[in-house]
Amino acid sequence: MDKQYQFPKDFWWGAATSGPQSEGRFHKVHRNLFDYWYDQAPEAFFAGVGPNVASNFYNDFRQDIALMKQVGLNSVRTSIQWSRLIKDLETGEPDADGVRFYNEVIDEFLRQGIRPIMNLHHFDLPYALYEKYGGWMNKKVAVLFADFAETCFALFGDRVKEWTTFNEPMVVAEGEYLYRFHYPLQVDGKKAVQCIYNLNLASAMAIERFRQSACEKQGGRIGIVINLTPAYPRSEAAEDLAAADFAETFKNKAFLDPAVKGVFPPKLVEILRKDGVLWES
């Protein structure tokens with residue numbers, strides 16, 4: 001018997017991209033890590049195609065958003081680039097063109113009847129903060145990220161009602177400090193663990209700034225985008241069960257538990273302390 005399913009009228013038909021994946025580097029005041037990496041080693045990018053133009057969203061956003069509307073989208077997740085919006089990374093002074101650009105993008109989404117969902121970090125740390133502070137190794141960067149987030153809430157919170165702090169933060173730790181698929185291409189377990197702690201701290205601080213802003217009273221919501229990867233044991237052998245349990249705890253709960261419960265898994269803390277790689281809190 002054939003069945004027909006009907007989606008709710010308020011169902012969110014959406015898609016997702018990000019600033020560094022779509023905008024290009026036009027008129028940006030700072031390079032992010034991917035911009036810097038591309039400048040140093042363009043051959044590391046598929047077919048040499050990198051962030052300089054990307055999909056040219058900076059110049060074509062009105063046409064692109066019209067196409068999104070044409071295919072039936074009523075929600076789109078993208079991001080606000082720290083390296084585009086903030087002129088002075090220390091004081092948090094915004095760049096006039098960055099403010100103009102994101103205001104026009106948000107207004108165009110709304111004009112087309114599309115709900116903008118804004119993310120604040122999509123692997124695109126400003127390179128100057130890596131150069132000066134060591135990036136996510138330094139809690140100072142977490143504070144500066146919270147400052148950036150607060151600026152975004154003040155500038156755009158009257159229209160943007162859905163926010164996320166980080167996209168797939170575990171990818172930052174793994175890519176930069178474990179598996180060498182993001183700059184700085186290092187393999188250092190202790191750095192990876194410190195990165196995890198500081199990213200959780202930055203997210204929590206940004207959410208605290210959100211609670212203190214007018215956004216929540218204006219109907220806003222905020223969260224974090226976590227990429228969860230279920231871990232299955234290869235067999236019922238004790239060592240395989242233990243490996244799967246650790247993978248689940250490290251890869252998933254290192255961000256899920258702090259976001260939901262406000263604490264790291266005690267089991268994870270115990271293992272990292274025993275191995276001598278526990279973060280500095």
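The values are calculated or read from the model by the stated rules, or taken from the named source; none is laboratory data. These figures come from a predicted structure and were not determined experimentally. Every residue, glycine among them, receives a Cβ derived from its backbone with ideal geometry; neighbour counts consider all protein chains shown. Surface areas here come from the heavy atoms of the whole protein model, side chains and all, with no ligands, DNA or RNA. Shrake-Rupley method; radii C 1.70, N 1.55, O 1.52, S 1.80 Å.
What the table below lists for this structure:
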| item | result |
| --- | --- |
| Enumeration of residues in segment 96-121 that are in contact (Cβ under 8 Å) with a residue 24 or more places away in the chain and either of a type in the set (Ser, Thr, Tyr) or open to solvent by 20 Å² or more (accessible area, probe 1.4 Å) (or both) | 97, 99, 102, 103, 104, 107, 110, 112, 113, 115, 117 |
| Checklist (1) within 14 Å of the chain's Cα centre (by Cα); (2) buried (at least 24 other Cβ atoms within 10 Å of the Cβ) applied to residue 153, failing item | (1) |
| Residue 183 vs. criteria among the hydroxyl-bearing types (Ser, Thr, Tyr) and either part of a loop (DSSP other than H, G, I, E, B) or at pLDDT below 95 (or both) | yes |
| Positions within segment 156-179 being within 15 Å of residue 250 (Cβ to Cβ), of a type in the set (Phe, Trp, Tyr) and crowded, with 18+ Cβ neighbours inside 10 Å, in sequence order | 177 |
| Index of the failed condition, residue 131 passing every other in (1) under 26 Å from residue 171 (Cα atoms); (2) touching a residue at least 40 places away in the same chain (Cβ under 8 Å); (3) assigned to a helix (DSSP H, G or I) | (2) |
| So residue 266, is it open to solvent by 40 Å² or more (accessible area, probe 1.4 Å) and touching a Leu at 6+ places or on another chain (Cβ under 7 Å) | no |
| Subset of segment 180-224 that is surrounded by fewer than 14 Cβ atoms within 10 Å (Cβ to Cβ) and at positive phi - its residue that is farthest from the chain's Cα centre (by Cα) | 219 |
| Flag if residue 92 is open to solvent by less than 20 Å² (accessible area, probe 1.4 Å), assigned to a loop (DSSP other than H, G, I, E, B) and not polar (S, T, N, Q) | yes |
| Selection from segment 225-250 of residues that are within 17 Å of residue 190 (Cα to Cα) and either open to solvent by less than 50 Å² (accessible area, probe 1.4 Å) or at pLDDT below 95 (or both) | 247, 249, 250 |
| Selection status of residue 129, exposed (fewer than 14 other Cβ atoms within 10 Å of the Cβ) and of a type outside the set (Val, Ile, Thr) | no |
| Single match in 60, 88, 64, 124 (criterion: in contact (Cβ under 8 Å) with a residue 60 or more places away in the chain, over 22 Å from residue 215 (Cα atoms) and not hydrophobic (A, V, I, L, M, F, W, C)) | 124 |
| Filter pass, residue 145 being part of a helix (DSSP H, G or I), modelled with pLDDT of 95 or more, over 14 Å from the mean Cα position of the chain (by Cα) and surrounded by 24 or more Cβ atoms within 10 Å (Cβ to Cβ) | no |
